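Working notes, structure below.
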Amino acid sequence: MVTFNPNDPAFLENPFPLYAFGRQMSPVFFEGRGAWGAFRYDECTAILRDHETWSSWLPGDAGADLPEPSMLSSDPPRHTRLRGLVSQAFTPRMIEQLEPRIRQVANELVDRICERRECDVVEALTYPLPVIMIAEILGVPPEDLDDFKRWSDEVVATLGSGIGDEARTVSEQTLEEMREYFERLAEERRHHPRQDLLSGLVQAELEGSKLNQQELLQMLILLLVAGNETTTNLIGNAIIEFMNHPDQLQRVLDEPALLPSAVEEVLRYSSPVQATARRATRDVEVSGKVISKDQVCLVWLASANRDPAVFPDPDTFDVGRTPNRHLAFGMGIHFCLGAPLARLEARIALEVFLRRVRNFRRTTGGPLPRVPTFIMRGVRELPIAYEVVA
């Protein structure tokens, strides 16, 4: 048994020593947390693939202040129905068609960055690009983006709570604000549909089953958070790793075709989503240890992504790494629906940024303010100075 505080700032700053320890002992039971942790790649993939033994619904889930769990916390057949409905409105073709708009937004944001010589790159680029895009995809007016950020920040702060400590829930006021806001928009789309995801969700049908109001609200909250927070962290983590590994940055500058591979390496090396959780539906043996029915197991994706049994020199940041079978987007039935969008946004944002900005470096020392949950890895601020390419 191990004593562990996942909200310790020191752990949020550098979780990798615990991951290395965890892989040696995995699975590990965390005393006081009432939860197990799986740290090895083969254990994590086995758990994620077996949705019958490992349920995504956790009693006391932070999302349980809403009557039904979201798609992310659902099991088949409910999960199958919800994912089928949203997939109809969130197709690869739609994502491909977004590329010119993503590029336009990225260029506009970087234009503003280039008017200065210092900025908080989270505020200037890594946050606004994904949130503008998910708002446009959903069909949310740009003047409402500040509310979007406030709601998203509050939802993110609840992630991972309730596992061995007091659950933090989204405030009733925020829930009511989101509920009223999205219900008003949904009602508008029922009468006046547009070419946006919200209209698609309102109209989507699969085997005669539409989203009810509660499911629609849950889906919109999930898309709001997943559609901006994770990609913000991905782009920010990429900029941090380029600053920490100037030799790898130079490789990308010398050979721009490496950029998609570099994005995959950031996903592996500094995973925006560090862990997910599953509940055992029966007594099950994992690497010789029995996890009892209804016990929770944290699946440490970020630890699996540094498992030396799968990744040679796993603690080395290598923008040309191949193969790179990371678990940053999960695996199995809950594999991230937005993975193609996240990859596209990150690639374009970094391509535009690296073409226009050189010699970027931090303007502050010490740890950066981090996203306040062990489930995610990212920073709230990233002040940098830089030179602009003429």
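Among the residues of region 107-121, is any of a type outside the set (A, V, I, L, M, F, W, C), modelled with pLDDT of 85 or more and within 25 Å of Leu220 (Cβ to Cβ)? Show your work before the answer.
The first filter runs over region 107-121 and keeps only residues of a type outside the set (A, V, I, L, M, F, W, C), leaving 107-108, 111-112, 115-118, 120.
When the remaining residues are screened for being modelled with pLDDT of 85 or more, the result is 107-108, 111-112, 115-118, 120.
Imposing the further condition that a residue be within 25 Å of Leu220 (Cβ to Cβ) reduces the set to none.
Checking region 107-121: not a single residue is of a type outside the set (A, V, I, L, M, F, W, C), modelled with pLDDT of 85 or more and within 25 Å of Leu220 (Cβ to Cβ).
Given the criterion surrounded by 20 or more Cβ atoms within 10 Å (Cβ to Cβ), charged (D, E, K, R) and assigned to a loop (DSSP other than H, G, I, E, B), identify the matching residue among Arg306, Arg321. Result: Arg306 is the single residue among Arg306, Arg321 that is surrounded by 20 or more Cβ atoms within 10 Å (Cβ to Cβ), charged (D, E, K, R) and assigned to a loop (DSSP other than H, G, I, E, B).
Can you confirm whether Leu222 is farther than 26 Å from Ala328 by Cα and either in a helix (DSSP H, G or I) or of a type in the set (A, V, I, L, M) (or both)? Give the derivation first.
Numbers: farther than 26 Å from Ala328 by Cα: no; either in a helix (DSSP H, G or I) or of a type in the set (A, V, I, L, M) (or both): yes.
Taking the combined requirement at face value, the residue does not satisfy it.
The single condition from (1) over 27 Å from Ser55 (Cβ atoms); (2) without any contact (Cβ under 8 Å) to a residue 60 or more places away in the chain that Val388 fails is (2).
Any residue at all in region 192-202 that is under 25 Å from Thr80 (Cβ atoms), surrounded by fewer than 21 Cβ atoms within 10 Å (Cβ to Cβ) and touching a residue at least 40 places away in the same chain (Cβ under 8 Å)? Yes, region 192-202 has at least one match. Without any contact (Cβ under 8 Å) to a residue 60 or more places away in the chain, under 19 Å from the mean Cα position of the chain (by Cα) and within 25 Å of Gln274 (Cα to Cα), is that true of Ser74? When the stated conditions are applied, Ser74 passes them. Count of region 247-285 residues, restricted to those that are farther than 30 Å from Val357 by Cβ and either crowded, with 19+ Cβ neighbours inside 10 Å or polar (S, T, N, Q) (or both), is 7. Of all the listed residues (Val170, Val156), the sole one being at pLDDT below 80 and in a helix (DSSP H, G or I) is Val156. Only one entry in Ile348, Ile333 is within 28 Å of Thr91 (Cβ to Cβ), of a type in the set (Val, Ile, Thr) and in contact with a His (Cβ under 7 Å, 6 or more places away or on another chain), namely Ile333. Residue count for region 249-265 satisfying the condition of being out of contact with any Phe, Trp or Tyr (no Cβ under 7 Å at 6 or more places or on another chain) and in contact (Cβ under 8 Å) with a residue 40 or more places away in the chain: 11.
When you scan region 250-302, how many residues do you find that are of a type in the set (Gly, Ala, Ser), more than 16 Å from the chain's Cα centre (by Cα) and closer than 30 Å to Glu52 by Cβ?
Our first condition is that a residue be of a type in the set (Gly, Ala, Ser); within region 250-302, this holds for 257, 261-262, 270-271, 275, 277, 280, 287-288, 292, 302.
Right, trim to more than 16 Å from the chain's Cα centre (by Cα) and you get 257, 261-262, 280, 287-288, 292.
Then keep just the ones that are closer than 30 Å to Glu52 by Cβ; that gives 280, 287-288, 292.
Result for region 250-302: 4.
The values are calculated or read from the model by the stated rules, or taken from the named source; none is laboratory data. None of these values were measured; they are calculated from a predicted model. A quick note on method: Cβ atoms are made from the backbone with ideal geometry, for glycine too, and the neighbour counts reach across all protein chains shown.
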